[in-house]
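Peer 1: Below is a structure I'd like to ask you about.
The values are calculated or read from the model by the stated rules, or taken from the named source; none is laboratory data. These numbers come from a predicted model, not from an experiment. Virtual Cβ from ideal backbone geometry, glycine too; neighbours counted across all protein chains shown. Please note that ligands, DNA and RNA were not included when accessible areas were found on the heavy atoms of the full protein model with its side chains. Shrake-Rupley method; radii C 1.70, N 1.55, O 1.52, S 1.80 Å.
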Amino acid sequence: DLRRLPEITRDCPSQAVRMERHLAAAALVEAGHDVLLTDATAVFLKDFLPRLVGAPAELDVLLQRDDWPRTGLGTAVNAGFVFLRGSAGAGRSQLVLRLVDDAVRRGLIEFYLRWNNIPDQYGYSHEIAHTALDVGGGTSELANETTVGSLRPKRCAEGRGRCLRVGLLPHAEFPRHGDWRALAPTALVYHLTNNNADGCPLARRRAAA
């Protein structure tokens, strides 16, 4: 019962916050809203909302690629940049809610198995990979297209055959790793990890200070 989340994570308040933000996003989806959930460390460089809102109407979820944890899909997904579509009707939003719910549950399991500080990323990555995201031959973290696939079989509306449709965003526009000097001309968001500090102007200024 995810209503017990604060109790389950009472000794790990940072993990509770990480998971509760996804439950808050799910509540907005249930109310019929499209939701963009991002880390506070995601810096918006250009107006990328048309890129998300203008994605094919069939897509229910859009995710940023990442390199960890490794799965059979060829890319992990980053839980700190997630677009959830709730405006497409109750039937489709219920599929989105089920994914978020299962990602939170799986993330909590992974947290206690591994004592890792990013349980939401583990949850999303493993749920996406283990529910057979069919992208027609796999993909990679560095792919520069919106890779579209269906999650099945448990991500399908009962009796209707309609499965959750997921898009993995292009690396060049929504990068998580790489040389910022090469990525800057195409990136819409700065959301790189610390190991890319050499290419980050802000990091260079801090180092000089």
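Peer 1: Quick one: with all protein chains in place, what share of the accessible area of segment 27-119 is carbon or sulfur, to the nearest percent (1.4 Å probe)?
Peer 2: Carbon-and-sulfur percentage of accessible area, whole number: 56.
Peer 1: What are the residues whose amide H is under 5 Å from the amide H of L192, where those residues sit 5 or more places off or on another chain and H is modelled from the backbone?
Peer 2: So L192 has HN proximity to no qualifying residue.
Peer 1: In addition: Quick check: residue separation of E20 and A90 times 0.36 nm, minus the Cα distance between them. What number comes out in nm?
Peer 2: This chain segment gains 23.0 nm when fully extended.
Peer 1: Moving on to the next point. Given 0.36 nm per residue, what is the gain on full extension from N116 to L142 after removing their alpha carbon distance, in nm?
Peer 2: This chain segment gains 6.9 nm when fully extended.
Peer 1: Determine the order of T38, T186, T75 by accessible area, beginning with the largest, at a probe radius of 1.4 Å. Mind dumping the intermediate values first?
Peer 2: Working: T38 40, T186 65, T75 5 Å².
Descending accessible area places them as T186, T38, T75.
Peer 1: Run the simple label-point estimate for K46 and R162 please: 7 Å along Cα→C-beta, distance reported in nm.
Peer 2: 3.3 nm
Peer 1: Taking θ as phi - 60°, what are the ³J(HN,Hα) couplings along segment 55-62 by the Karplus curve (6.51, -1.76, 1.60), each to the nearest whole Hz, with x for Gly and Pro?
Peer 2: With the stated coefficients, segment 55-62 comes to 4, x, 4, 6, 7, 9, 9, 10 Hz.
Peer 1: Calculate the dipole size of segment 53-93 relative to its Cα centre from +1 charges on Lys and Arg beta carbons and -1 charges on Asp and Glu beta carbons; express the result in debye to the nearest 20.
Peer 2: Details: 4 positive and 4 negative charges, 10 e Å.
Charge dipole of segment 53-93: 40 debye, to the nearest 20.
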